[in-house]
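Notes for the one structure printed next.
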Amino acid sequence: MVSIEDFFKCKFSSAGLADSTKFGRRGLGKVCDFDQVQYIITDAGVSPGMVKQLEEREIKVIIAG
């Protein structure tokens, strides 16, 4: 069994998946904050400015082909 202290020491990576039309828009619900995401997977339509903003938050952007 894992203790609660050990559980919170674990490091998890999380990724968000969103097509480029979703950036800069508000939705009805919120999944998580950007500081909880290490990777964003999107398409080539994402603007260079948005990629820069995400990378400034230390989020790695993966552009799927």
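The values are calculated or read from the model by the stated rules, or taken from the named source; none is laboratory data. Remember, predicted model here, so these are calculated numbers, not experimental data. Because the Cβ atoms are built from the backbone with ideal geometry, glycine has one as well, and the counts that use them run over all protein chains shown.
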Subset of segment 41-64 [closer than 15 Å to SER13 by Cα and either in a helix (DSSP H, G or I) or touching a Leu at 6+ places or on another chain (Cβ under 6 Å) (or both)]:
ILE41, VAL61
Among (1) modelled with pLDDT under 90; (2) surrounded by 10 or more Cβ atoms within 10 Å (Cβ to Cβ) - the single one CYS10 does not satisfy
(2)
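For segment 27-41, does any single residue satisfy the condition of being in contact with a helix residue (DSSP H, G or I) (Cβ under 8 Å, 6 or more places away or on another chain), of a type outside the set (A, V, I, L, M) and at pLDDT 80 or above? Even if it seems obvious, please write down each step before you answer.
Taking segment 27-41 first, the residues in contact with a helix residue (DSSP H, G or I) (Cβ under 8 Å, 6 or more places away or on another chain) are 34, 40.
If we keep only those that are of a type outside the set (A, V, I, L, M) as well, we get 34.
From the residues that got through so far, the ones that are at pLDDT 80 or above too are none.
Looking through segment 27-41, none of the residues is in contact with a helix residue (DSSP H, G or I) (Cβ under 8 Å, 6 or more places away or on another chain), of a type outside the set (A, V, I, L, M) and at pLDDT 80 or above.
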